[in-house]
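What follows is one structure encoded as structure tokens, with my remarks underneath.
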Amino acid sequence: MAGLSARRRSVGVNVGGVIVGGSAPVVVQSMTNTDTADIDATVRQVMQLARAGSELVRITVDRDEAAAAVPHIRYRLDSMGYPVPLIGDFHYIGHKLLADHPACAQALAKYRINPGNVGFKAKRDTQFATLIELAMRYDKPVRIGVNWGSLDEELLTRLMDENAVSPNPISAAAVQREAIIQSALLSAQRAEELGMSRDKIILSTKVSDVQHLIAVYEDLAARCDYALHLGLTEAGMGSKGIVASSAALGILMQQGIGDTIRISLTPEPGGDRTREVIVAQELLQTMGFRQFLPVVAACPGCGRTTSQTFQVLAKEIQDHLSSSMPEWRERYPGVETLSVAVMGCIVNGPGESKHANIGISLPGTGETPAAPVFIDGEKVATLRGADVAEQFKVMVANYIEKKFGHGQKSAAE
Ligand code: SF4
């Protein structure tokens, strides 16, 4: 299996104690959608994202009130035991906000700079230089984050003009990709000329089309060793956003490309922002790159079972494991490696259950109403009665306590 050993070599960057790139595992990050000036709402959402497992959280810093709120947000999070590093997202006036709000500059763990809107014409170079100099003064890394929605128009126009008179012109889409990559690489080069070291620079080149995203990152990855932040921008809502992001990021990560990821999902109205963290974790776990949550294997069901017992039980166990993880990470070290199987009938039930740490094979239609339970490959019990689901949940809880609790012993004892 292509795994971490196949990762592209990149320079590791320390973001407030979290290493991005180098030999570190791929880092999950997310972004708030609160008004950063609303300290209560932002603290609340950062805590939710951190509890869900976000290892870095980005917040918008778009005006003086937001910049002034940042140190208070940092203080509140620290005092409540949430050290998750905060990244400031700056556009247009980042140079001014960071200069005018030193406590904000200090409280943030990284600054995100978009070279497409850091300033225009002559001001672009001086404002970009100011941002880099401020980052160096506060010893903070930066992400130079290019987005095709705010691409440097001067650079794009120049490359389009050059392409138009080239004897071997390339497609307009390829020119656009080249402009995105050059914007990132030229900005990084400029940052290094200003004195920033390579281990303070992360790059991203986000687009909203899956094929373009794959092409642009493959090219970028081959042309530099900076740590890379991956994300499909404007991925969309619901299953469309999840599938598009997973397809694009999965293909790139399988090639070893990507040191930190964000799944940019549009929440449903009133939806939960933590969804983007869960999807990122599930993607990394599904691909075998990281382990965040116990796995519950459940069969899809078919005509051999007419009851929904196994679906209900699988869902209840998955929900219980997911909701317990914030507490269990401390209490049961290693519990994220647990695997549970909930199967619908005898066809694959016993086999799949034997492969899990603990598994149950429920009776299908016409089968004897008995549910064998397997622990670490051995059949340990046969459950009967109307409360089979409850009995199994107790067995799962006992297994976790024995295997991952203090004074662990053989869970089959
Ligand atoms: S395990 Fe049984 S119920 Fe589940 S999908 Fe396979 S045959 Fe159908």
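Taking only the Cα atoms of the range 295-403, the ratio Rg/Rh comes out at 0.96, with Rh defined as the Kirkwood radius. Taking the square roots of 5 times each eigenvalue of the Cα gyration tensor of the range 1-84, largest first, gives ellipsoid semi-axes of 29, 13, 11 Å.
Helical content alone sets the calculated 222 nm signal of the chain at -14500 deg cm²/dmol, taking -39,500 (n - 2.57) per DSSP H segment of four or more residues and averaging over every residue. For the chain, the longest principal axis of the alpha carbon atoms and the long axis of helix 388-404 meet at an angle near 60°. Test of understanding: in a Gaussian network model of the chain with alpha carbons linked when under 10 Å, which of GLY94, GLY349, GLY256 would top the mean-square fluctuation ranking? Among GLY94, GLY349, GLY256, the largest mean-square fluctuation in the Gaussian network model of the chain belongs to GLY349. Using the Stokes-Einstein relation with a Kirkwood hydrodynamic radius computed over Cα pairs, the translational diffusion coefficient of the range 46-103 at 10 °C and a viscosity of 1.306 mPa s comes to 133 µm²/s.
Which entries of LYS240/LYS354; LYS315/LYS402; LYS140/LYS240 have Cα-Cα distances beyond 32 Å here? Violating the 32 Å limit, Cα to Cα: LYS240/LYS354; LYS140/LYS240.
ARG223 contributes an accessible area of around 100 Å² to the protein surface, as traced by a 1.4 Å probe with all chains present.
From largest to smallest, the equivalent ellipsoid semi-axes obtained for the chain from the alpha-carbon gyration tensor read 46, 25, 18 Å. The slack in the chain from ASP376 to HIS91, taken as 0.36 nm per residue of separation less the alpha-carbon distance, amounts to 97.3 nm. Among residues other than HIS212 whose Cβ falls under 14 Å from its Cβ, what is the net charge (Lys/Arg +1, Asp/Glu -1)? Neighbour charge sum, excluding HIS212 itself: -3.
Taking each residue as 0.36 nm, the span from ASP219 to ASP64 lengthens on full extension beyond its C-alpha to C-alpha distance by 52.0 nm. Given a 10 angstrom Cα cut-off, can you work out which residue in ARG273, ARG143, ARG63 is the most mobile in a GNM of the chain? Sorting by GNM fluctuation, first place goes to ARG63.
For the range 366-402, the residues whose backbone nitrogen is under 11 Å from a point 7 Å from the Cα of THR306, taken along Cα to Cβ, are 366.
So how tilted is helix 153-164 from the main axis of the chain? Cα-based, degrees 0 to 90, rounded to 10. Roughly 80 degrees between the two axes.
When you filter the trypsin sites (Lys or Arg not before Pro) in the range 315-403 for DSSP loop state and at most 13 other Cβ atoms inside 10 Å of their Cβ, you are left with ARG384. Evaluating 6.51 cos²θ - 1.76 cosθ + 1.60 at θ = phi - 60° for every residue in the range 363-371, the Karplus couplings come out as x, x, 4, x, 7, 4, x, 9, 10 Hz, glycine and proline recorded as x. Each residue of the range 50-59 was assigned a 3J(HN,Hα) from its phi angle through the Karplus expression (A = 6.51, B = -1.76, C = 1.60, θ = phi - 60°), giving 5, 4, 5, x, 5, 8, 9, 10, 9, 10 Hz with x at Gly and Pro. Within a straight-line Cα-Cα reach of under 13 Å, LYS200 can be paired with the following aspartates and glutamates, leaving aside sequence neighbours fewer than 8 residues apart in one chain: GLU133, ASP139, GLU192, ASP225. Seen from GLN182, the other residues with C-beta closer than 10 Å to its C-beta sum to a net charge of +1, counting Lys and Arg as +1 and Asp and Glu as -1.
The values are calculated or read from the model by the stated rules, or taken from the named source; none is laboratory data. Since this is a predicted model, take the numbers as computed values, not measurements. For neighbour counting, all protein chains shown are included, and Cβ atoms are generated from backbone atoms with ideal geometry for every residue, glycine included. Heavy atoms of the whole protein, side chains included, go into the accessibility calculation; ligands, DNA and RNA do not. Shrake-Rupley method; radii C 1.70, N 1.55, O 1.52, S 1.80 Å.
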